[in-house]
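Let me begin by presenting the structure, written as structure tokens, before commenting on it.
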Amino acid sequence: MDDYHQALMRQIVETAPRAKKQVVNSVYIGGGTPTWYGEKRLLELIAAIKKRFNLSKDVEFTLEANPDSVDEKMLRRLRRAGVNRLSMGMQSSCDRELAAVHRPHTFRQVEEAVKAARNARIRNLNLDLIYGLPGQTERSWRASVEAALSLEPEHLSCYGLTVEEGTPLAKRVAEGEKLPDDDAQAERYLWTVERLAQAGFEQYEVSNFSKTGCQSRHNLKYWMGRPYVGLGAAAHSDFGGCRYSFVRDLDEYIRGVMGDGKLLDDMDEIPQRERGNEYLMLRLRTTHGIEEWEYRREYYMNFDPIAAKLLEYEQKGWAMQTGRRWHFTPQGFLLSNRLIGELMEAQEVETLANTLELIRGGRLPQKDRGQKGG
């Protein structure tokens, strides 16, 4: 950890000058369980970020944590250092369900961690919940949601279970263990949207709900296509017109930062057309949605084929228009991967048709004709 910490601190020093003209209004320490990194290292990390980057006065400073990895004393010190938002992986209020996915905490520890956070005067708390867990029933899911609401968080993230390759759960599923099916997950999702609305939570993204003024500023940057800088092994960035990521292997990362090895894992300049596709893909994950002239102005692309599909979706109850903005309904969010794919396909067909028309009319520059050939 000390070697990694030294490399991370050095990367902060080297990266910060590139962002000196940027006002940073969101910092997120995540990517696992940062609280196991150690209080001393975290405090040094926070101090370095505050010193090297231009943080706004109202910066949202989030720390991820598991309930079994925090205590009040630690949280008080971190809060005094600048952390003002905590995101904890509650997942379920049922200890049997937590054990089924190898979570090391109990619901009692969740309650204790929330109490510690409040005593440490952290006023912005997110809890993660997962529906579709092994052995979970409709009744136990609803109980988990009610238990989370009783803890009075400002934000809730509710995710459907994803079985990751190579995990013990993936092996159990391959051997025949049954999980709640898609229909059961859909029912839980739709009930959750309605229940959280009743409790005063606004849905602003497929899986995210917040009290007024408590949307995750940091995650909204991803969904709205704003620039961000990632630091550390496997961190991703979208900054300066490029998207890039660092190597995942810890030893390789340390060597890379210290100048003795490869640091970048991948790097791409993103063309405008791809940004237009990302606009559809990311913003349609939010209730803010998309708007015709925003799309035309930013990406110089025709919105008509998108509008035609959205009108189809509106008739089926999957999309709706609020003012001039289009967004999915909860039923549409359930199908969002498919619907967004169809919208992007419609845009591709339109782009191809326009290109062929230019070629036939002799209006495409010769070099562009060569690029399009084949």
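This table checks each residue for (1) at pLDDT below 95; (2) surrounded by fewer than 13 Cβ atoms within 10 Å (Cβ to Cβ); (3) not hydrophobic (A, V, I, L, M, F, W, C).
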site: TYR295; (1), (2), (3): yes, no, yes
site: PRO305; (1), (2), (3): yes, no, yes
site: TYR313; (1), (2), (3): no, no, yes
site: MET320; (1), (2), (3): no, no, no
site: TRP326; (1), (2), (3): no, no, no
site: GLN331; (1), (2), (3): no, no, yes
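Please go through region 214-258 and give me each residue that is touching a His at 6+ places or on another chain (Cβ under 6 Å) and within 28 Å of ASN277 (Cβ to Cβ), ordered by number.
Matches in region 214-258: GLY230, SER245.
Quick grid of which residues meet (1) without any contact (Cβ under 8 Å) to a residue 24 or more places away in the chain; (2) acidic (Asp, Glu); (3) farther than 24 Å from SER69 by Cα:
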| site | (1), (2), (3) |
| --- | --- |
| ALA100 | no, no, no |
| ARG108 | yes, no, no |
| VAL114 | no, no, no |
| ARG118 | yes, no, no |
| ILE122 | no, no, no |
| ASP128 | no, yes, no |
| ALA147 | no, no, no |
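Does VAL24 satisfy the criteria of being over 18 Å from ILE122 (Cβ atoms), among the β-branched types (Val, Ile, Thr) and more than 23 Å from the chain's Cα centre (by Cα)?
Answer is no for this residue.
Across region 131-171, what is the total count of residues that are small (Gly, Ala, Ser), modelled with pLDDT under 95 and farther than 24 Å from ASN219 by Cβ?
Selection size over region 131-171: 3.
Okay, residues lined up against (1) assigned to a strand (DSSP E or B); (2) on the phi > 0 side of the Ramachandran plot; (3) in the same structural domain as HIS102 (by TED's automatic domain parsing):
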residue	(1), (2), (3)
VAL173	no, no, yes
GLY176	no, yes, yes
GLN185	no, no, yes
ARG188	no, no, yes
TRP191	no, no, yes
PHE209	yes, no, yes
CYS214	no, no, yes
GLY230	no, no, no
ARG243	yes, no, no
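Return the residues of region 281-296 that are of a type in the set (Ser, Thr, Tyr) and in contact with a strand residue (DSSP E or B) (Cβ under 6 Å, 6 or more places away or on another chain); say none if nothing qualifies.
Correct list: THR286, THR287.
All but one of (1) more than 17 Å from LEU8 (Cβ to Cβ); (2) touching a Ser or Thr at 6+ places or on another chain (Cβ under 7 Å) hold for GLY241; state the number of the condition that does not hold.
Single failed check for GLY241: (2).
If I filter region 247-278 down to residues being of a type in the set (Asp, Glu), closer than 30 Å to TYR295 by Cβ and part of a helix (DSSP H, G or I), which single residue comes out as nearest to the chain's Cα centre (by Cα)?
Of everything passing the filter in region 247-278, GLU278 is nearest to the chain's Cα centre (by Cα).
Look at GLN198 and say whether it is of a type outside the set (D, E, K, R) and modelled with pLDDT of 95 or more.
Taking the combined requirement at face value, the residue satisfies it.
Scan region 193-207 for residues that are outside any helix (DSSP H, G or I) and of a type in the set (A, V, I, L, M) and jot them down.
Those that are outside any helix (DSSP H, G or I) and of a type in the set (A, V, I, L, M): ALA199, VAL206.
For region 1-48, give me each residue that is of a type in the set (Asp, Glu) and either touching a residue at least 40 places away in the same chain (Cβ under 8 Å) or within 19 Å of SER237 (Cα to Cα) (or both).
Answer for region 1-48, where residues must be of a type in the set (Asp, Glu) and either touching a residue at least 40 places away in the same chain (Cβ under 8 Å) or within 19 Å of SER237 (Cα to Cα) (or both): ASP3, GLU14.
To keep it simple, each residue is scored yes or no on (1) surrounded by 15 or more Cβ atoms within 10 Å (Cβ to Cβ); (2) out of contact with any helix residue (DSSP H, G or I) (no Cβ under 7 Å at 6 or more places or on another chain); (3) on the phi < 0 side of the Ramachandran plot.
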residue: LYS51; (1), (2), (3): no, yes, yes
residue: VAL59; (1), (2), (3): yes, yes, yes
residue: THR62; (1), (2), (3): yes, no, yes
residue: PRO67; (1), (2), (3): yes, no, yes
residue: SER87; (1), (2), (3): yes, yes, yes
residue: ASP95; (1), (2), (3): no, no, yes
residue: TYR131; (1), (2), (3): yes, no, yes
residue: GLU138; (1), (2), (3): no, no, yes
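List every residue pair whose Cβ atoms sit under 7 Å apart, with the two residues 6 or more apart in sequence or on different chains, where the first one lies in region 256-269 and is farther than 22 Å from ASP238 by Cα and the second, anywhere, is surrounded by 10 or more Cβ atoms within 10 Å (Cβ to Cβ).
So the pair list comes out as MET258/ALA7; GLY261/GLU252; GLY261/ARG255.
Out of all the residues in region 37-80, which are modelled with pLDDT under 95 and among the hydroxyl-bearing types (Ser, Thr, Tyr)?
Hits for region 37-80 are TYR37, SER69.
Name the single residue, out of those in region 8-31 being basic (Lys, Arg) and outside any helix (DSSP H, G or I), that is farthest from ALA81 (Cα to Cα).
Step by step, filter region 8-31, then rank; the result is LYS21.
Does THR33 qualify as being surrounded by fewer than 19 Cβ atoms within 10 Å (Cβ to Cβ) and not hydrophobic (A, V, I, L, M, F, W, C)?
Yes; evaluated as a whole, the condition is true for this residue.
So, in region 268-283, exactly how many residues are at pLDDT 90 or above and touching a Phe, Trp or Tyr at 6+ places or on another chain (Cβ under 6 Å)?
So the answer is 1.
Quick check on my filter: what residues within region 38-47 are under 23 Å from VAL23 (Cβ atoms) and buried (at least 17 other Cβ atoms within 10 Å of the Cβ)?
Once the filter is applied, which keeps residues that are under 23 Å from VAL23 (Cβ atoms) and buried (at least 17 other Cβ atoms within 10 Å of the Cβ), region 38-47 yields LEU45, ILE46.
The values are calculated or read from the model by the stated rules, or taken from the named source; none is laboratory data. Treat the numbers as computed from the prediction; the structure is a model and nothing was measured. Note that each Cβ is placed from the backbone with ideal geometry, even for glycine, and that neighbours are counted across all protein chains shown.
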